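The values are calculated or read from the model by the stated rules, or taken from the named source; none is laboratory data. Since we're looking at a predicted model, the values are computed, not measured. So basically every Cβ, Gly included, is an ideal-geometry build from the backbone, and we count neighbours across all protein chains shown.
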2 protein chains.
Amino acid sequence: MDNFNFYSPTEFIFGVDREIEVGKYIKKYGGSRVLIHYGGGSAVKSGLIDRVKSSLETEGISYVLLGGVRPNPRDTLIYEGIKLCRKENIDFILSVGGGSCIDSSKGIAVGVPYEGDFWDFYSKKAEIQTALPVGTILTIAAAGSEGSGWSVVTQESTKLKRDIGSDLIRPRFSILNPALTCTLPAFQTACGAADIMAHVFERYFTNTPEVEITDRLCEAVLLTMIKETPRVIAQPDNYDARANIMWAGTVAHNDIIGVGRSQDWNSHGIEHELSGLYDCAHGAGLAVIMPAWMEFVMNHNIMRFAQMAVRVWGCEMNFENPELTARRGIQCFRRFLHDIGLPINLYELGAKEEDIPLLVKNQGVGEGRTWGFVRLSADDITEIYNIAARAKI
Amino acid sequence: MDNFNFYSPTEFIFGVDREIEVGKYIKKYGGSRVLIHYGGGSAVKSGLIDRVKSSLETEGISYVLLGGVRPNPRDTLIYEGIKLCRKENIDFILSVGGGSCIDSSKGIAVGVPYEGDFWDFYSKKAEIQTALPVGTILTIAAAGSEGSGWSVVTQESTKLKRDIGSDLIRPRFSILNPALTCTLPAFQTACGAADIMAHVFERYFTNTPEVEITDRLCEAVLLTMIKETPRVIAQPDNYDARANIMWAGTVAHNDIIGVGRSQDWNSHGIEHELSGLYDCAHGAGLAVIMPAWMEFVMNHNIMRFAQMAVRVWGCEMNFENPELTARRGIQCFRRFLHDIGLPINLYELGAKEEDIPLLVKNQGVGEGRTWGFVRLSADDITEIYNIAARAKI
């Protein structure tokens, strides 16, 4: 096991109706003048924003509102948010929405106290030194941003999707009410599930030997997703299934299951270019890319893929030919993604095979190689997109 | 799933040689005058205390020392520690040792700022309002106290073992170097493993339905312990196996695997009277009590015990007679405990069957019933001790 630090100081407030306590928690974590940052109209229409406002008013906390966060959040709204926060002397950002909304909030949080352009952090020109505190009310189980120190944002002008990571942007608290996710359409629910599972697989495929505890914890989250996702697709109102997925989504990405081992994250990088260019759902893009990536890298460690097949997908081990078992596990994963209604190739995603050179170019690997389980060259990434183009059940 | 809050703000600093960074972390968490609290001579003899002192001196942090913590920590040393801290104006307690040492440190931490008798917290006469910050350097993987808000202490005069629980006594940081545990004797290693597994089982046996994610996470920790414990008994120096057990021990008890479900904890209560009366190792007492408790309560939910048998112990499900599967799982657990060198009945533990009435009386249940998976009367507890007296492979 590798040396590591693990620090997850976010307070999670989980369960039915917990969002009405939000004012109390903002007060606990020092907020007095709040930006309520949210996405589309559903948070307003459902009455959620009204419940939030009412809770803040009860605690005597003032607020301003900024809606309009879209999936794959843009830098443009973050610039607007930074300006608004400075003008209104905001000292706490409350994010009401899914991962995009939280990531946008984190962008605003690092931008407000910084004199330069906040994009400097995402383009790795500057290092985060301080940030406004962020709290969240999560409405989609997917990104894990409610418990992570990560944020991913798209630069509108270039369509480049870039990330930042720092303990300073871990939310102070996150309110997780699974009932809020019961109204999500099946497709969004499935995209969220694919994102959660991808967060686990990015950690599962490691070059660090002898990491049984984190292997088993990763498998625990995957087994839960395999059981519960088809249930919520069939019964959107199933609270317990939604609750299991919601806690799985947080555990998948606060890194408690990924510490002490090398991680991959190439599938995320390869997918980000898809959602950057086509504005498709991140989870849908991952459904197309991740099994293709698995097929491409499988020979690097057949036994690890066989382990996934046996422990996660319940395949029988083929002791005479472990490669067949490994391949069977990947097939099970792709079949699962298809069965929950996700695209499994570029065509189904709405992407074009002729854009592959552009996608590879945007990836910015050039003649170099990426990090990860298998270090990928531009040619390797091209081949993964090609596998993704041709994939079928 | 039940509503819950989960808050684990401890920073974990894990890996080889990390203890030499301790001065830096004390500074980070505001300590300037430190009580170094430790157990027996091994921390001194091994040079660990010297490395700690040197790290503090490098950071210009002053300290006083208080050793002598014994397994099943006593109130008497805590009174001494409180007096010393007040006299020396201590503002941070560094605990160098295992669960007993950390629990003793937490007792001192709540006692220093409290005007009354610190035992008031353990006897539930007073509620914790504030505490000195505590940091730890863990030397035994067992109690999980390095990441928990719990402390268990024995009152010397009465032999009563009582606990406190509060987020205020969660350590600010915990340094976990698995190499420090490589010198532990096999028996202590096995006792630690039993304690870790018991922390999981106390959460696993629940009356809350539909908690797949925490079920699976519990099983992940158990599967790891089943794989790694025999390895460290056979190869005490196996760093990776020690590392997997150490992280498993923390994950088992910071509650991330136990949230949103009713828990039991009766086996811990029943065991505490054993280690209170005989001063036996807590893990050894649990090895005797926990399988006995399982046999006594099994009929309350046969399918949950069958699930344990199949998922944790790899038993085949007997679909015609699930009770046989359930019973087989408990047998596997007891066999495992025996194989790693632990006692499995009162006799092997050094306890006396004729003391059972006294043990039950100390438990303090009287004519009432406990909480938990199955609410136990004094007669039920008597029967569990009786099963434990007669148990064999």
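Couple of notes before you dig in:
- Residue in the stretch A:61-70 that is in a helix (DSSP H, G or I), crowded, with 24+ Cβ neighbours inside 10 Å and not charged (D, E, K, R) present: no
- For the stretch B:137-146, the criterion of a residue being part of a helix (DSSP H, G or I) and either within 21 Å of B:PRO71 (Cβ to Cβ) or of a type outside the set (Val, Ile, Thr) (or both) is satisfied by at least one position.
- Filtering B:TYR38, B:TYR29, B:TYR25 for residues that are among the hydroxyl-bearing types (Ser, Thr, Tyr) and in contact with a Pro (Cβ under 8 Å, 6 or more places away or on another chain) leaves a single hit, B:TYR29.
- Single residue of A:LYS106, A:LYS45 found to be at pLDDT 95 or above and of a type in the set (Lys, Arg): A:LYS106
- Here B:GLY269, B:GLY249, B:GLY258, B:GLY283 are screened, and the one residue that is outside the structural domain of B:SER151 (by TED's automatic domain parsing) and over 29 Å from A:GLU219 (Cα atoms) is B:GLY269.
- Flag for B:ASP339 being of a type in the set (D, E, K, R) and surrounded by 15 or more Cβ atoms within 10 Å (Cβ to Cβ): no
- Boolean, A:GLU219 is outside any helix (DSSP H, G or I) and in contact with a helix residue (DSSP H, G or I) (Cβ under 9 Å, 6 or more places away or on another chain): no
- Candidate set: the stretch A:251-267, residues that are within 9 Å of chain B (Cβ to nearest Cβ) and farther than 12 Å from A:ASP215 by Cα; chosen: the one surrounded by the fewest Cβ atoms within 10 Å (Cβ to Cβ): A:ASN254
- Scan of the stretch A:3-29 for residues that are at the interface with chain B (Cβ under 7 Å from one of its Cβ atoms) and closer than 30 Å to B:ASN244 by Cβ, ordered by number: A:ASN3, A:PHE4, A:ASN5, A:PHE6, A:TYR7, A:SER8, A:PRO9, A:GLU11, A:PHE12, A:PHE14
- Meets criteria (part of a helix (DSSP H, G or I) and touching an Asp or Glu at 6+ places or on another chain (Cβ under 9 Å)) for A:ARG261: no
- Answer residue from the stretch B:38-49, given it is in contact with a Ser or Thr (Cβ under 9 Å, 6 or more places away or on another chain) and crowded, with 19+ Cβ neighbours inside 10 Å and is farthest from the other protein chains (Cβ to nearest Cβ) among those: B:GLY39
- Count - residues of the stretch B:1-37 that are touching a residue at least 40 places away in the same chain (Cβ under 8 Å), surrounded by fewer than 22 Cβ atoms within 10 Å (Cβ to Cβ) and in contact with a Ser or Thr (Cβ under 6 Å, 6 or more places away or on another chain): 2
- Filtered residues of the stretch A:222-246 (kept if within 7 Å of chain B (Cβ to nearest Cβ) and out of contact with any Lys or Arg (no Cβ under 6 Å at 6 or more places or on another chain)): A:LYS227, A:GLU228, A:ASP240, A:ALA243, A:ASN244
- Residue within the stretch B:268-276 that is within 14 Å of chain A (Cβ to nearest Cβ), part of a helix (DSSP H, G or I) and not hydrophobic (A, V, I, L, M, F, W, C) present: no
- Any chance A:SER55 is surrounded by fewer than 16 Cβ atoms within 10 Å (Cβ to Cβ) and either away from every other protein chain (no Cβ under 12 Å) or modelled with pLDDT under 95 (or both): no
- Unique match (being more than 10 Å from chain A (Cβ to nearest Cβ), touching a Pro at 6+ places or on another chain (Cβ under 8 Å) and either at pLDDT 95 or above or not in a helix (DSSP H, G or I) (or both)) among B:THR206, B:THR183: B:THR183
- Among residues of the stretch B:351-365, those that are outside any helix (DSSP H, G or I), more than 19 Å from B:SER267 (Cβ to Cβ) and either of a type in the set (Asp, Glu) or touching a strand residue (DSSP E or B) at 6+ places or on another chain (Cβ under 9 Å) (or both), counted: 0
- Residue in the stretch A:19-26 that is touching an Asp or Glu at 6+ places or on another chain (Cβ under 8 Å) and in a loop (DSSP other than H, G, I, E, B) present: no
- Here A:LYS106 passes the criteria (1) surrounded by fewer than 24 Cβ atoms within 10 Å (Cβ to Cβ); (2) in contact with a strand residue (DSSP E or B) (Cβ under 9 Å, 6 or more places away or on another chain); (3) among the basic types (Lys, Arg) except the one numbered (1).
Each row is one residue, and each column tells you yes or no for (1) β-branched (Val, Ile, Thr); (2) in contact with a strand residue (DSSP E or B) (Cβ under 9 Å, 6 or more places away or on another chain); (3) farther than 22 Å from B:GLY47 by Cβ.
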{"position": "B:ILE78", "(1), (2), (3)": "yes, yes, yes"}
{"position": "B:GLY98", "(1), (2), (3)": "no, yes, no"}
{"position": "B:ILE102", "(1), (2), (3)": "yes, yes, no"}
{"position": "B:LYS124", "(1), (2), (3)": "no, yes, yes"}
{"position": "B:GLU127", "(1), (2), (3)": "no, no, yes"}
